[in-house]
Ligand code: EPZ
């Protein structure tokens, strides 16, 4: 298994290109199941999760082509994918595949909508929490799907098709919104989704579905209105920039007291995180190509933050903010309100010399003057990258094990940080 070695203490300067968003790419790829024609996605990041979802969709019969380098591109970032589900040959998503990536559960909605049947493994728990799927299933049932469970599988049938209705989600769920939205676009009549998640990735999916012939309004709000259509057609859509990758590198730059332009991203995708970083004394300014992040000489001020659904502070940046606050001049608190067990990074940060105590859903972080490098490992993607951020300012060498977590969500992280002056390398084993 590969690991990453970082020699801490180098200030980051230069530019970092921001990739297409993982959490937009995954539902967009799944949306290809809704049409016989080709869905072309541009700016697709090269990530382990994208490859795995490609395999999962391939099992349903989706043909995927990946275009090569184009004039003016350096050939490394942002691939163009063609996804064609001309014929769906299998409506089962097996446990072996779904258990490796939870988002693959979202094939359920499109499969019922197009094929009138689906058999999809329940994803099970994971390192950050129990993560049930009740909101997904209630939403699909409201559209008329008959749902039962058997031997760990959700079995859904809608032989006469789905019918639009008003659905009030009992809690805000990104995945349930994606899943039910994709089903509703082919339902008969009108569907209104209330208390829908409004993360930018939902808006990106809805915009792409509209380009495919869907009729969705209310994009960017908690209420989505969908006029069902008989069928969708092919379209071309460019994946929006990754706000979590943006926030992660912003915190890495802030951690090292650096000055970096994050290129190809947008401040409005992560305004709450920018506000928090502003409170912490980090300068963030929009540029023509993205945003510039700088901390020149000033210390890091402590902050008190709770994670919230968009537009609140994202849970997917909680671990990274915690790493940054390990070096703040004072005491910070971070409350995690989305997932009940998303603190797996705490003990690893403590191994690097951080002073963090946990009380239920709240972490109290007392800033320290120095972190010290050590071997560490983490059990999820964002926790792993928080260790990279800490390692960038730890004295000596930090070795991050289980790099496959990072490869799920960060495209060539060692190259992007290395080009800005970090001493970082991948050790293959
Ligand atoms: C998405 O997960 C993201 N994944 C997560 O990113 C992100 O952390 C999360 O949204 C919250 O923003 C992708 O987009 C692929 P949820 P999802 O359904 O959809 C509860 C990363 O690191 N809930 O919004 O699975 C649930 O347990 C990942 O990139 C129910 O109770 O999250 C949680 O407490 C990790 N019943 C809360 O809602 C349900 O049926 C929010 O979960 C569904 C969810």
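The condition (being touching a helix residue (DSSP H, G or I) at 6+ places or on another chain (Cβ under 9 Å) and either at pLDDT below 95 or not assigned by TED's automatic domain parsing to the domain that holds residue 392 (or both)) is satisfied by just one residue among 327, 308, 342: 342.
Residue by residue, here is whether (1) more than 28 Å from residue 21 (Cα to Cα); (2) more than 20 Å from the chain's Cα centre (by Cα); (3) assigned to a loop (DSSP other than H, G, I, E, B); (4) free of Cβ contacts under 8 Å to residues at least 24 places away in the same chain holds:
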| site | (1), (2), (3), (4) |
| --- | --- |
| 261 | no, yes, no, no |
| 265 | no, no, yes, no |
| 311 | no, no, yes, no |
| 316 | no, no, no, no |
| 322 | no, no, no, no |
| 347 | yes, yes, no, yes |
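Just to verify a result, which residue in the stretch 185-198, among those that are buried (at least 24 other Cβ atoms within 10 Å of the Cβ) and within 16 Å of the ligand (Cβ to nearest atom), is farthest from the chain's Cα centre (by Cα)? Among residues in the stretch 185-198 that are buried (at least 24 other Cβ atoms within 10 Å of the Cβ) and within 16 Å of the ligand (Cβ to nearest atom), the one farthest from the chain's Cα centre (by Cα) is 193.
Quick grid of which residues meet (1) more than 14 Å from the ligand (Cβ to nearest atom); (2) without any contact (Cβ under 8 Å) to a residue 40 or more places away in the chain:
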position	(1), (2)
169	no, yes
173	no, yes
177	no, no
204	no, no
210	yes, yes
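Please verify whether residue 191 is modelled with pLDDT of 95 or more, touching a strand residue (DSSP E or B) at 6+ places or on another chain (Cβ under 9 Å) and not in a loop (DSSP other than H, G, I, E, B), treating the condition exactly as stated. So residue 191 fits the description; yes. Could you go through the stretch 351-373 and let me know if any residue there is in a helix (DSSP H, G or I) and within 16 Å of the ligand (Cβ to nearest atom). No, the conditions are met nowhere in the stretch 351-373.
Out of curiosity, is residue 353 on the phi > 0 side of the Ramachandran plot and surrounded by fewer than 21 Cβ atoms within 10 Å (Cβ to Cβ)? Judged against the criteria, residue 353 is a match.
A quick yes/no check of all residues on (1) crowded, with 16+ Cβ neighbours inside 10 Å; (2) away from the ligand (no atom under 16 Å from the Cβ); (3) not assigned by TED's automatic domain parsing to the domain that holds residue 29:
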residue	(1), (2), (3)
84	yes, yes, no
87	no, yes, no
91	yes, yes, no
98	yes, no, no
108	yes, no, no
130	no, no, no
139	yes, no, no
143	yes, no, no
150	no, yes, no
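The values are calculated or read from the model by the stated rules, or taken from the named source; none is laboratory data. What you see is a predicted model, and the numbers here were worked out from it, not measured in a lab. Glycine also receives a Cβ, built like all others from the backbone with ideal geometry; neighbour counts cover every protein chain displayed.
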